[in-house]
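All remarks here apply to the structure that follows.
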Amino acid sequence: MPDRSFLGRCAVTAGSVVLALPLLSGCGYFGGGDDSKGVSVFKIEPGQCFEAQSEVKAQLSELTAVGCDQDHAQESYAVVPYVSAGGDAGDTYPGDDALAKFANGACAGQYGKYVGVDYLDSKLFYTYLLPSARSWEDDDRSVICFVTSAGEPLQGSVKGSKR
């Protein structure tokens, strides 16, 4: 099964800041209880919570899901089909820069609907998974958006939390 690319850029203020987010931190204090299980990145749905990755990887095929009632590193909040400036996804891989630009807009736009507060007013951050060039060939066209923190574990679901 193809992997997906991971980019962890998000706008924190008027500019962009590259963050070392928990998805790639490998911190051992997130989750890990008996309820953890591997979930294919092609099966992720909004409302699922995940541990931090134990290894830094540019390509991911699965994440370790945990109950949102356990400490976790991120929570998925949107799966958004890519749409180019021309109005469709197209057959040609648009590249990481075009996908990242789309993901930043799409994830920021969906953030408030899930968390209950506009991203710019939130204490939390977003990050995302992008289709890789390889998975694009297999019709993978969706960006997956996640809520995360700047290193502290999330406790409980962030849905409607207004954090």
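May I ask you to sort Phe42, Phe102, Phe146 by Cβ crowding, counting other Cβ atoms within 10 Å and putting the fewest first?
Details: Phe42 16, Phe102 21, Phe146 26.
Ranked by crowding around the Cβ, least crowded first: Phe42, Phe102, Phe146.
How much length is gained if the chain between Asp91 and Gln155 is pulled fully straight, taking 0.36 nm per residue apart and subtracting their Cα-Cα distance, in nm to one decimal? Can you show the working numbers first?
Values: separation 64, 0.36 × 64 = 23.04 nm, distance 4.00 nm.
Roughly 19.0 nm would be gained on extension.
How charged is the neighbourhood of Ser149? Take every other residue with its Cβ under 11 Å from the Cβ of Ser149, and add Lys/Arg as +1 and Asp/Glu as -1. Intermediate results must be reported in sequence, preceding the final value.
Values: positive: Lys123, Arg163; negative: Asp71, Glu75, Glu152.
Spelling it out: positives minus negatives among the neighbours equals -1.
Going 7 Å from the Cα of Lys123 toward and past its Cβ, which residues in segment 144-163 have a backbone nitrogen under 18 Å from where you end up?
147-163
Using 0.36 nm per residue of separation minus the Cα-Cα distance, give me the extension gain between Asp69 and Val39 in nm, one decimal.
Working: separation 30, 0.36 × 30 = 10.80 nm, distance 1.75 nm.
Separation in residues times 0.36 nm, less the Cα-Cα distance, equals 9.1 nm.
Could you please rank Cys145, Cys107, Cys68, placing first whichever residue has the fewest other Cβ atoms within 10 Å of its Cβ? It would help to have the intermediate numbers written out before the result.
Values: Cys145 27, Cys107 24, Cys68 18.
The fewest-first ordering by Cβ neighbours comes to Cys68, Cys107, Cys145.
Where a number appears in this text, it was derived from the coordinates with a stated rule and is not lab data. Please read all numbers here as calculations on a predicted model, not as lab measurements. Here the Cβ is made from the backbone with ideal geometry for all residues, glycine too, and neighbour counts use every protein chain on show.
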